[in-house]
Amino acid sequence: MKKKLILIPLFCLCLIFTTSCGKNQAESNDAGNVTLPSQSEDAHDSKDTPETKDNTGDKAAKQTDLKGLDETVSTDVDNTISAMKAEYEKIISDIDTYEKYLENTDKVEAFYKQIYEDTKQLCMRMREYSLNYAETIMASDKSNDDKYKDFEKLYDCIYDDAGDDIYDEIYDGILDDLYDDFYDGILDDAYDNGVPYDEWSDARSDEYDWWSDARSDVYDEWSDFRSDVYDFWSDMRSELWDDDVERAKEKIEDFQEDIEKLKSKDSQSNVQASNEEKDDNATSENAENQDVNADEELVDGMSPEFKEAMDSYEAFYDEYCDVMKKYAENPTDMEILTSYTDMLTKAAEMSEKFEAWEDNKMNDAELKYYLDVNNRVRV
């Protein structure tokens, strides 16, 4: 657009001394028609994160007897699931209408994330309990045959009982209930009540994504923990069957290393996620500050550079039309040469002003001013 604004009048000036008045005026009319440039067109706050707590802490408590270990595992699973259910009951009690749902989408999303996080930590503790089982069994003075049989308790307590509870109560329980309450409940009913479609569609799409992601992640954690525990249980029984105690001890060490690697990887992921959230917040804050600063610098809603360029453009064309009028009245007037020289200088100044306005995009106020200026140009 900048080139068209500048080159068109200069071209017409050059024709002043080689064409007739009528033709010059026709060129002048063409010069006024300036082409219009084309216009170019969810992390939640940690304070809103629901907290579910258990009595075991982040690390599985060690026991020195199998019966006590059975009770510890059972208590841990029961407490973790009970805490999730209590939070579930609270959230569906607090959010029981479509309007409340829209007001608390951050809490809904946070709860899905918390379900996954609590499940992940619970599954990690199941691995640690399995390690505790193996160490307790191997530390006894029983025969290898009896130790082999004792490993059935690890399978029954952790792989079977705890694994079934996690699947039934979380994956196939709480998450299914949330689907029925929100996606297939409040949001589905809202559509029949005539709420705005775009608003409803976005809310329902977000809800499904949160639910689907949480359910998929929970299943992966559950499946991975069961696979790891089963492999460990199978390896230990195999070594005891062969009476290879040293190899059995190596399997324990390997499993312990695997657990530490998983915990380290999880810790690094949490740090990375925290840093990304901080970066996102900083980027958002900078963008807001830039918008505020930009608004403060506007002149009648327009950037100063744009307004100055358009004012220069209008003044140039006013003088250009005056020169054309004088030439039409008296083509032999030598003062026109002086005016011609002055206009070349002003054309260069106008070019500099348009270069200062580097952005080809126009906001609503700038577009309106652009059209007004072109309507005022006397050609």
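The values are calculated or read from the model by the stated rules, or taken from the named source; none is laboratory data. Everything numeric in this text was worked out from a predicted model, so none of it was measured. Glycine gets a Cβ as well: all are built from the backbone with ideal geometry, and neighbour counts include every protein chain shown.
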Checked Asp228, Asp189, Asp202 against criteria (assigned by TED's automatic domain parsing to the domain that holds Tyr88 and closer than 23 Å to Asp266 by Cα); the one match is Asp228
Subset of the range 59-85 that is among the acidic types (Asp, Glu) and surrounded by 18 or more Cβ atoms within 10 Å (Cβ to Cβ) - its residue that is modelled with the lowest pLDDT
Asp70
Could you tell me whether any residue of the range 140-148 is among the basic types (Lys, Arg) and either assigned to a helix (DSSP H, G or I) or surrounded by 17 or more Cβ atoms within 10 Å (Cβ to Cβ) (or both)?
yes
Do we find that Phe354 is crowded, with 18+ Cβ neighbours inside 10 Å and modelled with pLDDT of 75 or more in this structure?
no
Enumeration of residues in the range 322-335 that are surrounded by fewer than 18 Cβ atoms within 10 Å (Cβ to Cβ) and part of a helix (DSSP H, G or I):
Asp322, Lys325, Lys326, Ala328, Glu329, Glu335
Condition check for Tyr129: buried (at least 18 other Cβ atoms within 10 Å of the Cβ), touching a Phe, Trp or Tyr at 6+ places or on another chain (Cβ under 9 Å) and of a type in the set (Phe, Trp, Tyr):
no
Say whether the condition of being in the same structural domain as Tyr155 (by TED's automatic domain parsing), in contact with a Gly (Cβ under 8 Å, 6 or more places away or on another chain), modelled with pLDDT of 95 or more and in a helix (DSSP H, G or I) is met by at least one residue in the range 206-222.
yes
Cross-chain or 6+ apart pairs with Cβ under 8 Å, the range 254-269 first and of a type in the set (Lys, Arg), then part of a helix (DSSP H, G or I) and surrounded by 10 or more Cβ atoms within 10 Å (Cβ to Cβ)
Lys263/Met124
Only one of Glu99, Glu135, Glu103 is within 15 Å of Val229 (Cβ to Cβ) and surrounded by fewer than 17 Cβ atoms within 10 Å (Cβ to Cβ). Can you tell me which?
Glu135
Contacts under 6 angstrom Cβ, first residue in the range 64-86 being within 19 Å of Glu169 (Cα to Cα), partner β-branched (Val, Ile, Thr) and surrounded by 14 or more Cβ atoms within 10 Å (Cβ to Cβ), 6 or more apart
Asp76/Thr56; Ala83/Thr52; Met84/Thr52; Met84/Ile174
Criterion (over 30 Å from Lys90 (Cα atoms) and of a type outside the set (Asp, Glu)) met by exactly one of Leu187, Leu240:
Leu240
Residues to consider are Glu314, Glu308; find the one that is under 17 Å from Lys346 (Cα atoms), modelled with pLDDT under 80 and touching a Lys or Arg at 6+ places or on another chain (Cβ under 9 Å).
Glu314
Answer with yes or no whether Val218 is of a type in the set (A, V, I, L, M), within 30 Å of Asp145 (Cα to Cα) and surrounded by 13 or more Cβ atoms within 10 Å (Cβ to Cβ).
no
Does Gly194 satisfy being surrounded by 14 or more Cβ atoms within 10 Å (Cβ to Cβ), within 36 Å of the chain's Cα centre (by Cα) and assigned by TED's automatic domain parsing to the domain that holds Tyr101?
no
Residue in the range 340-347 that is over 23 Å from Tyr369 (Cβ atoms) and surrounded by 15 or more Cβ atoms within 10 Å (Cβ to Cβ) present:
yes
